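Asker: Dropping a structure here in structure tokens format, bear with me for questions.
The values are calculated or read from the model by the stated rules, or taken from the named source; none is laboratory data. This structure is a prediction, so every number in the text was calculated from the model and none was measured. Please note: Cβ atoms are built from the backbone with ideal geometry, for glycine as well, and neighbour counts cover all protein chains shown.
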Amino acid sequence: MEIGLYGLHRGENVDPDVLATRARLAEETGFESIWVGDHIAMPPSSDEQGRLEAVVAIAHLAALTRTIRLGFGVLVLPQRQPVLLAKQLTSLDLLSRGRLIVGIGAGYVERELAAMGVSPDSRGARTDEYLAAMHALWDDQPFAGEFVSFADVVQRPRPRRRPPIVVGGHSRAAMRRAVQSADGWYGVYLTPEEAARALSDLQDAAKLHSRPASLGPLEITITPPPGPVDRDSAQRYAAMGVHRLTIQPLDDEMEATVRAGANSLEA
């Protein structure tokens, strides 16, 4: 099981020097990947931290590092224009030399979606359509949908490969989306017990929805609840078939966690 790191886009990590130091250190100490989340405009809240915009953060991390993989955990797809996003993702994957992992989700913060011009009722349909539209662009195909259509356009450079898509979310729709259209599924803030139930639900979804043979096995990424994760817990996740554990240290533990490195948790 691989060990990833979540959270370098928020809190005290938005300081450029802190971000650079910790990103390079995470690479040196054996973390397989760095993941950033995506919120653009959140309701006022005393616990809402400052955070970097996700695409900008990944672009900066790509320039700071050389080998560590870079993941979106996750992009709120319905509030992103898919033609522009497809171009951004191709550019990021090329500039990072193939290190990008694209996590997507339908979103859940109604006021944020509304601020971006998206009705909550349309978010699921938009997520499915926008993902299909990006695949069409990467394949040089036209696309006609309810929310976006295009023909007689191409994007260059073409991606050397489609960036792997990971679907986040615990709903039936998210699991169906992962089975039918993605390379992986991403469960957020799940204890080992919750992860076991979610993976059982994912297996049920796989029985109901056919998976294209071209996609291969579904890769499982889990972020445990924020805070420390001990080796025994990591081994429990690994035993149930989790491929990647993406840990989110508490703010005052981030420095020590990065310095301890992935080896402290490898199961």
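Asker: If you check every pair at least six apart or on different chains, which have Cβ atoms under 7 Å apart with a residue in region 119-138 that is touching a residue at least 40 places away in the same chain (Cβ under 8 Å) and crowded, with 17+ Cβ neighbours inside 10 Å first and a residue that is of a type in the set (S, T, N, Q) and not in a helix (DSSP H, G or I) second?
Answerer: As it stands, the answer is 137/155, since those pairs meet every condition given.
Asker: Can you tell which of 23, 41, 62, 57 is surrounded by fewer than 17 Cβ atoms within 10 Å (Cβ to Cβ) and either under 18 Å from the mean Cα position of the chain (by Cα) or over 15 Å from residue 4 (Cβ atoms) (or both)?
Answerer: 41
Asker: Okay, moving on. What are the pairs, 6+ residues apart or on separate chains, where a residue within region 89-109 that is in contact (Cβ under 8 Å) with a residue 24 or more places away in the chain and within 15 Å of residue 158 (Cα to Cα) has its Cβ under 6 Å from a residue that is among the β-branched types (Val, Ile, Thr) and part of a helix (DSSP H, G or I)?
Answerer: Here the result reads 92/58, each pair linking region 89-109 to a residue that is among the β-branched types (Val, Ile, Thr) and part of a helix (DSSP H, G or I).
Asker: Test residue 89 against the stated conditions and say whether it is surrounded by 17 or more Cβ atoms within 10 Å (Cβ to Cβ), aliphatic (A, V, I, L, M), in contact with a strand residue (DSSP E or B) (Cβ under 9 Å, 6 or more places away or on another chain) and part of a helix (DSSP H, G or I).
Answerer: Spelling it out, residue 89 is indeed surrounded by 17 or more Cβ atoms within 10 Å (Cβ to Cβ), aliphatic (A, V, I, L, M), in contact with a strand residue (DSSP E or B) (Cβ under 9 Å, 6 or more places away or on another chain) and part of a helix (DSSP H, G or I).
Asker: Does residue 158 satisfy being out of contact with any strand residue (DSSP E or B) (no Cβ under 8 Å at 6 or more places or on another chain), at pLDDT 95 or above and of a type in the set (Lys, Arg)?
Answerer: no
Asker: Return the total of residues in region 143-154 being touching a helix residue (DSSP H, G or I) at 6+ places or on another chain (Cβ under 7 Å), part of a loop (DSSP other than H, G, I, E, B) and not β-branched (Val, Ile, Thr).
Answerer: Number of matching residues: 3.
Asker: If you check residue 71 against the conditions, is it within 22 Å of residue 265 (Cα to Cα) and not polar (S, T, N, Q)?
Answerer: Yes; evaluated as a whole, the condition is true for this residue.
Asker: Here is a follow-up. What's the total number of residues in region 208-231 that are under 20 Å from residue 6 (Cα atoms) and more than 22 Å from the chain's Cα centre (by Cα)?
Answerer: Of the residues in region 208-231, 2 are under 20 Å from residue 6 (Cα atoms) and more than 22 Å from the chain's Cα centre (by Cα).
Asker: Please determine whether any residue of region 7-22 is without any contact (Cβ under 8 Å) to a residue 40 or more places away in the chain, under 30 Å from residue 126 (Cα atoms) and in contact with a strand residue (DSSP E or B) (Cβ under 7 Å, 6 or more places away or on another chain).
Answerer: no
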